[in-house]
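Here the structure comes first, spelled out in structure tokens, and everything after it is commentary.
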Amino acid sequence: MPRQLISSGSPFEAQVGYSRAVVQGDWCFVAGTTGTDPETRAMPESVVDQGRNALKVIGRALEEAGFSFADVVRVTYYITDPAYWDVLGEATAPVFGDIRPAASCIVTGLIKPEMKIEIEVTAFKG
């Protein structure tokens with residue numbers, strides 16, 4: 001089956017050379033996605049709002065690829081402050097609460113100082 005590349009229209013995709021998502025067979029790999037508002041391109045202050053925005057972009061990529069959040073088997077959260085873990089569920093539990101994919105959370109720096117979270121997922125339909 002040929003590889004399918006999904007774009008979210010982010011200028012960084014062409015600049016850096018990546019796709020928002022790549023579908024290969026029954027798998028969909030969604031790139032790390034930060035919390036920029038997909039409509040206004042503004043970065044909210046709250047890590048919860050950033051998480052919600054990232055999940056909106058991820059959801060659109062999954063949908064365009066023919067997948068849904070129900071197909072997600074793995075999620076990785078990258079946060080810049082360990083304290084964010086305590087509130088992150090406000091954004092993620094409504095999406096993943098019943099799906100319960102395997103998950104990891106890594107505390108790290110991100111590309112820009114206003115970025116507080118980056119989320120990547122892997123989905124499988126088989």
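General observations
- Peptides 98-104, 71-77 ranked from most to least packed give 71-77, 98-104, packing being the mean of other C-beta atoms within 10 angstrom over each peptide's residues.
- Its Cα centre serving as origin, segment 1-115 has a Cβ charge dipole (Lys and Arg +1, Asp and Glu -1) of approximately 320 debye.
- The long axis of helix 85-96 is offset from the longest Cα principal axis of the chain by roughly 30 degrees.
- Projecting the Cα atoms of Gly51, Val72, Ala91 onto the charge dipole of segment 37-126, computed from C-beta unit charges around the Cα centre, puts Val72 farthest toward the positive end.
- GluC sites (Glu not before Pro) restricted to DSSP loop in segment 1-67 with at most 15 other C-beta within 10 Å: Glu39, Glu45
- Between helix 47-64 and the chain there is an angle of about 10 degrees, using the helix long axis and the longest principal axis of the Cα atoms.
- The aspartates and glutamates within cross-link reach of Lys56, meaning a Cα-to-Cα straight distance under 20 Å and a gap of 8 or more places when in the same chain, are Glu13, Asp37, Glu39, Glu45, Glu64, Asp71, Glu90, Asp98, Glu114, Glu118, Glu120.
- In units of the rule-of-thumb radius 2.2 N^0.38 Å, segment 1-122 shows an alpha carbon radius of gyration of 1.00.
- When Ser46, Ser7 are compared by accessible area of protein heavy atoms, the largest-first order is Ser7, Ser46, using a 1.4 Å probe.
The values are calculated or read from the model by the stated rules, or taken from the named source; none is laboratory data. Note that the structure is a prediction, hence the values are computed from the model and not measured. Cβ atoms come from the backbone with ideal geometry, glycine included; neighbour counts cover every protein chain shown. These area figures cover heavy atoms from the full protein model, side chains too; ligands, DNA and RNA do not enter into them. Shrake-Rupley method; radii C 1.70, N 1.55, O 1.52, S 1.80 Å.
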